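Data first, discussion second: the structure below is written as structure tokens.
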Amino acid sequence: MNRGPHVSMFIICLIAACSLLLFGACNNKETKKTEEKTVNVRVQTVLSKPLRPYIDALGTLNPNEEVTVSAEIEGILKSVKVDEGTSVSKSMVLATIDDTNYTYEVRRDEAALKQAEANLANTKLEFTRKDALYKEELVTRQQYDDVSTRLSLAESELERTRALLSLAKERLAKTKIFSPLACVVKEKKVSTGDFVKNGTPLFSIIQNNPLKLDFAVPEKDVGKLKANQDVSLKVDGFPDREFRGRVSLIYPHVDDKTRTLTVEALIPNDGGTLKPGLFAKVTLFTGAEKGTVVVPVTSLLYEEERVRVFVIEGNRAKERPVKLGSKYGELMEIVEGIREGETVAVSGQANLSDGVKVAIQGQTASEKPDTQTKGGSRR
């Protein structure tokens, strides 16, 4: 049986089938090549907001003044008129020392003064008489010199007695211990009946209006500091309240261990709400409010020293290098690279490259910083 024509036909069909398969495979490859990758992103419009640059810091509230009131004489405490937490005015009596001995001392010196005055008066009369007689050569030179010497001694004795009386009166006055300033008693160290000596600490008093706020600023921000800059602070005890003050002192040296500079601000505390020792979250404003182009920090991509964002133009992503300014909460100032009104990718941008097609999934709401007048200098 001759199978030649059948075999030939089979081979031809097989070749045709292979050709169709190869053509289909090539066609599929071409189709795949023409399919372009699309990346899903979320976007936000670039905004310009009125913001104030600032530096964040941590600080501690301290008394404006803290004084240890001590006894200046010795004796037994007759009375103690204040306790811890007592508000006192300037020159108010805090305590008294038994003044019995000091009163007697004043009276004794007053009597001595009267005697010295009488002695001087008598000596002056005698000197006047002998001076006249000496001029008439009715008394000797020795007698004249003797009365002159006694007159000088009487005058010196009077001055000495006056000084002793003045000192005795001063010691008597010190039996009353006065407050040197308007303040609050921080600590009472003694009680009625205690014997105290000269220099014994009696009270620790503090002035808490205004309060001093001490905080540290990093070395890199030292150039932004000036006297009278505005400061705001919050404390955990009053989370919903913001307290304000002004810079009063910039320390003259940078700490060589922490590389920070200490700054001091005065914080009004009329109601006594704030207490010395409270920990504070500080905002130091370093400039006036200005229009600032900002983007969400989530839109930024960092690559060593280079920072970039992806701007969406139509349905394409365009890579833009940017120069950063200050940080404002969840927003970052852009000094150079993009403009207000442009659209940036805030989610999904890590999968983008320049010119890639994007599918916008939604636009996030415009974010606001903690306060329209607050900003930061964190890079």
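Please verify whether Ser191 is farther than 19 Å from Thr60 by Cα and either touching a Ser or Thr at 6+ places or on another chain (Cβ under 8 Å) or not assigned by TED's automatic domain parsing to the domain that holds Gly329 (or both), treating the condition exactly as stated.
Against the criterion (farther than 19 Å from Thr60 by Cα and either touching a Ser or Thr at 6+ places or on another chain (Cβ under 8 Å) or not assigned by TED's automatic domain parsing to the domain that holds Gly329 (or both)), Ser191 qualifies.
Please tell me if Lys275 is buried (at least 16 other Cβ atoms within 10 Å of the Cβ) and among the basic types (Lys, Arg). Talk me through it step by step, then tell me what you get.
Working: buried (at least 16 other Cβ atoms within 10 Å of the Cβ): no; among the basic types (Lys, Arg): yes.
Spelling it out, it is not the case that Lys275 is buried (at least 16 other Cβ atoms within 10 Å of the Cβ) and among the basic types (Lys, Arg).
Do we find a residue being in contact with a strand residue (DSSP E or B) (Cβ under 6 Å, 6 or more places away or on another chain), surrounded by 16 or more Cβ atoms within 10 Å (Cβ to Cβ) and part of a loop (DSSP other than H, G, I, E, B) anywhere in segment 251-270?
Within segment 251-270 (the criterion being in contact with a strand residue (DSSP E or B) (Cβ under 6 Å, 6 or more places away or on another chain), surrounded by 16 or more Cβ atoms within 10 Å (Cβ to Cβ) and part of a loop (DSSP other than H, G, I, E, B)), the answer is yes, since at least one residue qualifies.
From the list Ser70, Ser156, Ser91, which residue is loosely packed, with under 13 Cβ neighbours inside 10 Å, more than 30 Å from Val235 (Cα to Cα), among the hydroxyl-bearing types (Ser, Thr, Tyr) and in contact (Cβ under 8 Å) with a residue 40 or more places away in the chain? Before the answer, list the steps.
Details: Ser70 fails: loosely packed, with under 13 Cβ neighbours inside 10 Å; Ser156 fails: in contact (Cβ under 8 Å) with a residue 40 or more places away in the chain.
Exactly one of Ser70, Ser156, Ser91 is loosely packed, with under 13 Cβ neighbours inside 10 Å, more than 30 Å from Val235 (Cα to Cα), among the hydroxyl-bearing types (Ser, Thr, Tyr) and in contact (Cβ under 8 Å) with a residue 40 or more places away in the chain, namely Ser91.
Write out, first by first residue and then by second, each pair whose Cβ atoms fall under 6 Å of each other, whose residues are 6+ apart or on separate chains, and whose first residue, in segment 257-268, is within 11 Å of Leu211 (Cβ to Cβ) while the second is surrounded by fewer than 17 Cβ atoms within 10 Å (Cβ to Cβ) and of a type in the set (A, V, I, L, M, F, W, C).
Sorted first by the residue in segment 257-268, then by its partner, the pairs are Glu264/Leu249.
All but one of (1) in a helix (DSSP H, G or I); (2) under 29 Å from Thr68 (Cα atoms) hold for Leu133; state the number of the condition that does not hold.
(2)
On the basis of being in a helix (DSSP H, G or I) and either out of contact with any Lys or Arg (no Cβ under 7 Å at 6 or more places or on another chain) or loosely packed, with under 13 Cβ neighbours inside 10 Å (or both), does Asp221 make the cut? Please lay out each step first, then the result.
Details: in a helix (DSSP H, G or I): yes; either out of contact with any Lys or Arg (no Cβ under 7 Å at 6 or more places or on another chain) or loosely packed, with under 13 Cβ neighbours inside 10 Å (or both): yes.
Yes.
Conditions tested, residue by residue: (1) in contact with a helix residue (DSSP H, G or I) (Cβ under 9 Å, 6 or more places away or on another chain); (2) outside any strand (DSSP E or B).
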site: Asp109; (1), (2): yes, yes
site: Glu117; (1), (2): yes, yes
site: Leu120; (1), (2): yes, yes
site: Lys124; (1), (2): yes, yes
site: Val139; (1), (2): yes, yes
site: Leu164; (1), (2): yes, yes
site: Glu187; (1), (2): no, no
site: Thr192; (1), (2): no, yes
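Test Arg150 against the stated conditions and say whether it is at pLDDT 95 or above and either on the phi > 0 side of the Ramachandran plot or not in a loop (DSSP other than H, G, I, E, B) (or both).
Values: at pLDDT 95 or above: no; either on the phi > 0 side of the Ramachandran plot or not in a loop (DSSP other than H, G, I, E, B) (or both): yes.
So Arg150 fails the test.
Tell me which residues, restricted to segment 217-240, are under 16 Å from Phe279 (Cβ atoms) and touching a residue at least 12 places away in the same chain (Cβ under 8 Å).
Taking segment 217-240 as the starting set, the residues that turn out to be under 16 Å from Phe279 (Cβ atoms) are 231-239.
Those that are under 16 Å from Phe279 (Cβ atoms) and touching a residue at least 12 places away in the same chain (Cβ under 8 Å): Val231, Ser232, Leu233, Lys234, Val235, Asp236, Gly237, Phe238.
Taking the conditions exactly as written (buried (at least 16 other Cβ atoms within 10 Å of the Cβ) and under 24 Å from Gly199 (Cβ atoms)), does Thr103 satisfy them or not?
Spelling it out, it is not the case that Thr103 is buried (at least 16 other Cβ atoms within 10 Å of the Cβ) and under 24 Å from Gly199 (Cβ atoms).
Check Ala163 against each of (1) assigned by TED's automatic domain parsing to the domain that holds Asn122; (2) at pLDDT below 95 and name the one condition it does not meet.
That leaves (2) as the condition not met.
Each row is one residue, and each column tells you yes or no for (1) surrounded by fewer than 21 Cβ atoms within 10 Å (Cβ to Cβ); (2) β-branched (Val, Ile, Thr); (3) farther than 30 Å from Leu249 by Cβ; (4) modelled with pLDDT under 90.
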| residue | (1), (2), (3), (4) |
| --- | --- |
| Ala280 | no, no, no, no |
| Ala317 | no, no, yes, no |
| Lys323 | yes, no, yes, no |
| Gly329 | yes, no, no, yes |
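So which residues in segment 135-151 are in contact with a Lys or Arg (Cβ under 8 Å, 6 or more places away or on another chain) and either more than 23 Å from Asn119 (Cα to Cα) or not hydroxyl-bearing (Ser, Thr, Tyr) (or both)?
Of segment 135-151, the ones in contact with a Lys or Arg (Cβ under 8 Å, 6 or more places away or on another chain) are 139, 143-144, 147, 151.
Of everything in segment 135-151, those that are in contact with a Lys or Arg (Cβ under 8 Å, 6 or more places away or on another chain) and either more than 23 Å from Asn119 (Cα to Cα) or not hydroxyl-bearing (Ser, Thr, Tyr) (or both) turn out to be Val139, Gln143, Val147, Leu151.
Confirm whether Lys188 is among the basic types (Lys, Arg) and out of contact with any Asp or Glu (no Cβ under 8 Å at 6 or more places or on another chain). Give the derivation first.
Working: among the basic types (Lys, Arg): yes; out of contact with any Asp or Glu (no Cβ under 8 Å at 6 or more places or on another chain): no.
No: the conditions fail for Lys188.
Considering each of Val307, Val295 in turn, give the residue that is touching a residue at least 60 places away in the same chain (Cβ under 8 Å), within 22 Å of Val39 (Cα to Cα) and either surrounded by fewer than 17 Cβ atoms within 10 Å (Cβ to Cβ) or within 34 Å of the chain's Cα centre (by Cα) (or both).
Details: Val307 fails: touching a residue at least 60 places away in the same chain (Cβ under 8 Å).
So the residue among Val307, Val295 that is touching a residue at least 60 places away in the same chain (Cβ under 8 Å), within 22 Å of Val39 (Cα to Cα) and either surrounded by fewer than 17 Cβ atoms within 10 Å (Cβ to Cβ) or within 34 Å of the chain's Cα centre (by Cα) (or both) is Val295.
Would you please name the residue that is nearest to the chain's Cα centre (by Cα), looking only at residues in segment 224-242 that are polar (S, T, N, Q) and crowded, with 17+ Cβ neighbours inside 10 Å? Even if it seems obvious, please write down each step before you answer.
Here is the first cut: in segment 224-242, the ones polar (S, T, N, Q) are 228-229, 232.
Narrowing further to those that are crowded, with 17+ Cβ neighbours inside 10 Å: 229, 232.
Values: Gln229: 11, Ser232: 9 Å.
This residue is Ser232.
Among the residues of segment 50-67, which ones are over 30 Å from Lys275 (Cα atoms) and either surrounded by 20 or more Cβ atoms within 10 Å (Cβ to Cβ) or out of contact with any Ser or Thr (no Cβ under 9 Å at 6 or more places or on another chain) (or both)?
Passing the criteria: only Leu51.
The values are calculated or read from the model by the stated rules, or taken from the named source; none is laboratory data. Being a predicted model, the structure only gives us computed values, none of them experimental. Quick reminder, even Gly has a Cβ in these numbers, built from the backbone with ideal geometry, and neighbours come from all protein chains shown.
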